[in-house]
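The values are calculated or read from the model by the stated rules, or taken from the named source; none is laboratory data. On a predicted model such as this, the values are computed, not experimentally measured, just so you know. Note: ideal-geometry Cβ built from the backbone for every residue, glycine included; neighbour counts use all protein chains shown. All accessible areas refer to the heavy atoms of the entire protein, side chains included, with ligands and DNA or RNA removed. Shrake-Rupley method; radii C 1.70, N 1.55, O 1.52, S 1.80 Å.
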Amino acid sequence: LRMERHSQNAAKVAEFLSNHPNVSWVNYPGLPTHKDYSEAKKYHYRGLFGALVGFGIKGGYDNALKFIDKLNVFSLLANIGDAKSLVIHPASTTHQQLTPDEQLSAGVSADFIRLSVGLENIDDLLNDLDHALRG
């Protein structure tokens with residue numbers, strides 16, 4: 001049941017982000033717009049696409065840092081799969097030692113935010129994201 005709740009919350013977060021004016025792109029295999037959606041539907045158990053959601057924040061690196069500072073429910077940690085929702089900005093944390101070109105070759109852009117969506121109430125998660133995105 002935990003993974004089901006993680007996936008349900010992540011799907012709602014991905015849908016919310018894909019319609020947010022301050023988000024430029026969303027990477028989540030459960031979105032019909034994802035390039036691998038048909039494959040993901042075939043291989044993911046009961047339509048559960050996991051808890052990880054990646055997205056690009058408009059305004060790039062600086063806005064990514066401001067966004068993370070404004071979050072209250074999401075915690076800044078590099079872990080994934082926790083019961084608590086987590087956020088990371090790889091360009092300023094896990095991949096900061098790489099040059100910008102090396103980051104891009106690793107799939108890390110300056111605007112990239114990675115979420116590991118937890119088990120909290122979905123309204124709390126969406127409100128936290130919206131508040132932080134509106135800055």
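Here are the numbers:
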read-out: With every protein chain in place, the chain: carbon and sulfur % of accessible area (1.4 Å); value: 52
read-out: Rounded FRET efficiency, nearest 0.05, which uses the C-beta distance separating T33 from L65 and R0 of 25 Å; value: 0.40
read-out: Rounded to whole Hz, the Karplus (6.51, -1.76, 1.60) HN-Hα couplings of the stretch 79-85, x for glycine and proline; value: 5, 9, x, 7, 5, 8, 6
read-out: Computed [θ] at 222 nm, helices only, for the chain once each DSSP H run of length n ≥ 4 contributes -39500 (n - 2.57); value: -12000 deg cm²/dmol
read-out: Most to least packed among 20-32, 75-87 [average Cβ atoms within 10 Å]; value: 20-32, 75-87
read-out: Cβ-Cβ FRET estimate between N72 and Y43, R0 fixed at 41 Å, reported to 0.05; value: 0.70
read-out: Residue-by-residue Karplus 3J(HN,Hα) for the stretch 4-13, coefficients 6.51, -1.76, 1.60, Hz, glycine and proline x; value: 4, 5, 3, 5, 4, 5, 4, 4, 5, 5
read-out: 0 to 90° range, to nearest 10: angle between helix 60-70 axis and the chain longest Cα axis; value: 70
read-out: Pairwise label distance in nanometres, N121 with D101, each label 7 Å out on the Cα-Cβ vector; value: 5.0
read-out: Greater than 30 Å apart at Cα, pairs in K35/K58; K41/K66; K12/K70; value: K41/K66
read-out: Cleavage-rule hits, trypsin sites (Lys or Arg not before Pro), the stretch 1-68, DSSP coil, Cβ neighbours within 10 Å at most 16; value: K35, K58
read-out: Correct option for semi-axes √(5λ) of the Cα gyration tensor in Å [calculated from the coordinates] among [x] 31, 23, 13; [y] 22, 18, 14; [z] 19, 17, 15; value: [y]
read-out: Residue-by-residue Karplus 3J(HN,Hα) for the stretch 117-123, coefficients 6.51, -1.76, 1.60, Hz, glycine and proline x; value: 7, x, 9, 5, 4, 4, 5
read-out: Probe 1.4 Å, accessible area per residue of the stretch 94-135, Å²; value: 53
read-out: Taking the chain and dividing mean pair separation by its residue count, relative contact order in percent (alpha carbons under 8 Å, at least six apart); value: 30
